[in-house]
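Engineer: Please read through the structure below; I'll follow up with questions.
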Amino acid sequence: MGSRTRRDFLKLCATSTPALILASQNSVHASANNLSRTPALIDRFIDPLPFPKRLRPHSTHGGKAEYRVQMLESSKRFHSQLPPTRFWGFEGQYPGPTFDVVAGQPITVKWENRLPRRHLFAVDPHIHGAMPPIPTVRTVPHLHGSRTPSESDGLPEKWFAPGESARYFYPNEQQAATLWYHDHAVGITRLNVYAGLSGFFLLRDDRETRLNLPAGEYEIPLLLQDRTLDDRGQLVYCPAFEDGTIAPPGVWAPEFFGDLPIVNGAIYPFLAVEPRPYRLRVLNGSNSRFFNLYLNLAKSPTDIPALVSFHQIGTDGGFLPSPVSLTTLLLGPAERADLVVDFSAFNGKTLTLSNNAAAPYPGWNLMHHHAPLPELMQFRVTRPLSITGRAHSIPQSIALPGLDPGTAVTIRDFVLTEQMDAQGRSRGVRINAKGYDDPVTEQVTLGSSEKWRFINMTDDAHPMHLHLVQFRIVERQGFDATSRAGAVRLTGNPRPPQPNEAGWKDTAVVYPGEVLTILVKFEGYAGRYVFHCHMLEHEDNDMMRPYEIIA
């Protein structure tokens, strides 16, 4: 059953059996209420925003800083009114500690798996890569957005079990950017990241230093996630099918949407700020949820919004050519945005970081929408203006290396389709009808440029991510819904990227019924890499493909 057929199937069910569907939805809601009762018990915006700790080198060898990072089980309070929650974290922290490194200064990291041998969550043994006798607990860190040799990339099948370790080399030979690191173990990435294995990797360079941006305590990393907790305050992983039915424990389902926002490991935190510009490094670290963010002066999410403008100065791979003034910002899973927010005109006021993105996104399902997360955190402009703080500015223009579409040596098409069972439920999403373990079909030449087109025949928006490289978005265009794979008929006019997508990207959203064209220069290293959807449920089953770069 194709995706269009699935939509028709669900609409038919909605019109022909309303009583059955209402009973099903009531059952789903009852199940969800049994899983998580915390939203009704906790107060919002009473806990300060935590900040991830900075990671320090363990030693220095041959002029290179060497880090040691352990993956540990630990516990913490996500909210002051909740008991401690068990989680998995790099260095036992949630989020993991932040790497703060300089371009041109390579580092090595010894990643050590010190996790228990029993997983926090039930593992689906039918998923590729997670089948017995493979151990249920295994990890492999991936530095997302980094130009890294293949052997240090964190390929999904290069996992290591508790008691084992791996040493990775990161050259840091790219421009300043907001990168992040997270687990990437094949078949269980969704579970390991949900357990807490993610953190920031901030890469800086001389040009960034000269831009006079807010720094120090005025530079704030924000890791946005959604989680579900049970009535004991413990993490519950409860993915759902398209009709909203929650999957049984240990059964894969195509989407997860938590009912609580987590920002830097805290539920509904607040941050007291000065009336001055701040730099916000924002990362959508959710499994499946999109965020359409805005800063709201209104006192309640039900009031008419009073939006505050801000500037985006960078995206996944570094700075934009010029700042873009925005009032809303859409981030798919794994996308980042480098923002400057000026609180100078809001002394004594409260701005709420809000969200109105549908779940699933863009919200095709007429039968069941998951709980929205309309509010995430607050900024309270209550701190006095520091007399020692220096003035900051927003860069007006930044020269970026050009990438000419005319240099593309080939165009490759990747058709995104969803496999359905007899009940109209997903059995996984595929790229060109292939899974991760199918033979490599993409071999590209080191140093060459290519156009890759992602053709979305599903009903969901997919954030597509390429390892090793940064790329530029060329255009988006619609196609005839009756098209079949291999014979796609484009319709309408191509649309250039939005101004805040005009820089270097490693993750880009392809919308339902559209073709996303990107221009990629395969520079850096020869070897094996992967590309995939960064909705982690999709990535795990089986929306990921390998590709090879040939010297």
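Engineer: Please report how far the C-alpha centroid of the range 315-331 lies from that of the range 471-515, rounded to the nearest whole angstrom.
Structural biologist: 19 Å
Engineer: Let me ask you something else. Over the range 116-271, calculate the relative contact order: mean separation of alpha carbon pairs under 8 Å at least 6 apart, over the residue count, as a percent. List each step's numbers first, then the result.
Structural biologist: On the way: 236 pairs, mean separation 30.7, N = 156.
Relative contact order comes out at 20 percent.
Engineer: If the chain between Arg210 and Tyr511 were fully stretched, how many nm would it gain, using 0.36 nm times the residue separation less the Cα-Cα distance? Show your work: numbers first, answer last.
Structural biologist: Details: separation 301, 0.36 × 301 = 108.36 nm, distance 3.72 nm.
Gain on stretching Arg210 to Tyr511: 104.6 nm.
Engineer: A follow-up question, please. Which whole-number percent is the relative contact order of the chain (Cα, under 8 Å, 6+ apart)?
Structural biologist: On the way: 1457 pairs, mean separation 82.9, N = 551.
Result for the chain is 15 percent.
Engineer: Counting only helical runs of four or more DSSP H residues, what would the 222 nm mean residue ellipticity of the chain come to if each run contributes -39,500 (n - 2.57) and the total is spread over all its residues?
Structural biologist: Calculated from helices alone, the mean residue ellipticity at 222 nm is -2500 deg cm²/dmol.
Engineer: Pop the C-beta distance of Asp43 and Ser397 into the FRET formula with R0 = 45 Å and round what comes out to the nearest 0.05.
Structural biologist: Approximately 0.50, to the nearest 0.05.
Engineer: Right, another one. Roughly how many whole Å is it from the C-alpha centroid of the range 154-205 to that of the range 398-441?
Structural biologist: 22 Å
Engineer: Can you list residues whose amide H is under 5 Å from Gly314's amide H, if they're 5+ apart or on another chain and H is modeled 1.01 Å from N?
Structural biologist: For Gly314, the qualifying residues are Leu320, Asp338.
Engineer: Got the relative contact order for the range 424-506 handy, in percent, Cα pairs under 8 Å and 6 or more residues apart? Don't skip to the answer; put the middle values down first.
Structural biologist: Values: 52 pairs, mean separation 22.5, N = 83.
Averaging sequence separation for qualifying contacts and normalising by length gives 27 percent for the range 424-506.
Engineer: Also, quick follow-up: Let a ≥ b ≥ c be the square roots of the eigenvalues of the Cα gyration tensor of the range 331-401; is it rounded (a/c under 1.5), or, if not, prolate (a/b larger than b/c) or oblate?
Structural biologist: Details: a/c = 4.19, a/b = 1.58, b/c = 2.65.
Oblate, since a/c reaches 1.5 and b/c is not below a/b.
Engineer: Given a Förster radius of 45 Å and the C-beta distance between Ser80 and Gln443 as r, what FRET efficiency does 1/(1 + (r/R0)^6) yield to the nearest 0.05? Numbers along the way, then the final one.
Structural biologist: On the way: r = 54 Å, r/R0 = 1.20.
That gives a FRET efficiency of 0.25.
Engineer: Is the C-alpha gyration tensor of the range 427-551 telling us rounded, prolate or oblate? Criteria: a/c under 1.5 is rounded; beyond that, a/b larger than b/c is prolate, otherwise oblate.
Structural biologist: Values: a/c = 1.62, a/b = 1.17, b/c = 1.39.
The shape class here is oblate.
Engineer: Return one whole number: the accessible area per residue of the chain in Å², for a 1.4 Å probe.
Structural biologist: On the way: 20750 Å² over 551 residues.
Per-residue accessible area for the chain comes out at 38 Å².
Engineer: Where the accessible area of the chain is counted over protein heavy atoms with a 1.4 Å probe, how much of it, in %, is carbon and sulfur? Before the final figure, lay out the partial values.
Structural biologist: On the way: 10920 of 20750 Å².
Heavy-atom surface of the chain belonging to carbon and sulfur, 1.4 Å probe: 53 percent.
Engineer: Another question about this same structure. Would you please classify the overall shape of the range 288-411 from the alpha carbon gyration tensor, given that a ≥ b ≥ c denote the square roots of the eigenvalues, rounded means a/c under 1.5, and beyond that prolate means a/b larger than b/c while oblate covers the rest? Present the calculation step by step, with values, prior to reporting the outcome.
Structural biologist: Values: a/c = 2.94, a/b = 1.09, b/c = 2.71.
The shape class here is oblate.
Engineer: Highest mean first, what order results for 502-512, 281-291, 299-309 on Cβ atoms within 10 Å?
Structural biologist: Working: 502-512: 22.6, 281-291: 25.2, 299-309: 12.2.
Averaged packing, sorted descending, gives the order 281-291, 502-512, 299-309.
Engineer: Can you pick out the pairs among Lys53/Lys299; Lys158/Lys434; Lys53/Lys110; Lys451/Lys505 whose Cα atoms lie more than 26 Å from each other?
Structural biologist: Details: Lys53/Lys299 32 Å; Lys158/Lys434 21 Å; Lys53/Lys110 18 Å; Lys451/Lys505 14 Å.
As for pairs spanning more than 26 Å Cα to Cα, those are Lys53/Lys299.
Engineer: Pop out the ³J(HN,Hα) list for the range 320-326 in order, Karplus 6.51 cos²θ - 1.76 cosθ + 1.60 with θ = phi - 60°, rounded to Hz; leave Gly and Pro as x.
Structural biologist: 7, x, 7, x, 10, 7, 9
Engineer: Quick one: length gained pulling Arg390 to Ala345 fully straight, 0.36 nm per residue minus the C-alpha distance?
Structural biologist: Details: separation 45, 0.36 × 45 = 16.20 nm, distance 1.75 nm.
Here the answer is 14.5 nm.
Engineer: Residue by residue, what Karplus-based ³J(HN,Hα) values in Hz, rounded to whole numbers, does the range 262-277 have, using 6.51, -1.76 and 1.60 with θ = phi - 60° and x for Gly and Pro?
Structural biologist: So the Karplus estimates, Gly and Pro as x, are 10, 10, 6, x, 10, 8, 6, x, 10, 9, 7, 10, 8, x, 7, x Hz.
Engineer: So how much slack lies between Val102 and His369, counting 0.36 nm per residue of separation and subtracting their Cα-Cα distance, in nm? Provide the component values of the computation, followed by the final result.
Structural biologist: Details: separation 267, 0.36 × 267 = 96.12 nm, distance 4.33 nm.
Net length gain for the segment: 91.8 nm.
The values are calculated or read from the model by the stated rules, or taken from the named source; none is laboratory data. Please read these numbers as outputs of a predicted model, since none were measured by experiment. Don't worry about glycine lacking a Cβ; one is built from the backbone with ideal geometry, like all the others, and counts go over all protein chains shown. In case anyone asks, the SASA skips ligands and DNA or RNA and just uses the protein heavy atoms, side chains included. Shrake-Rupley method; radii C 1.70, N 1.55, O 1.52, S 1.80 Å.
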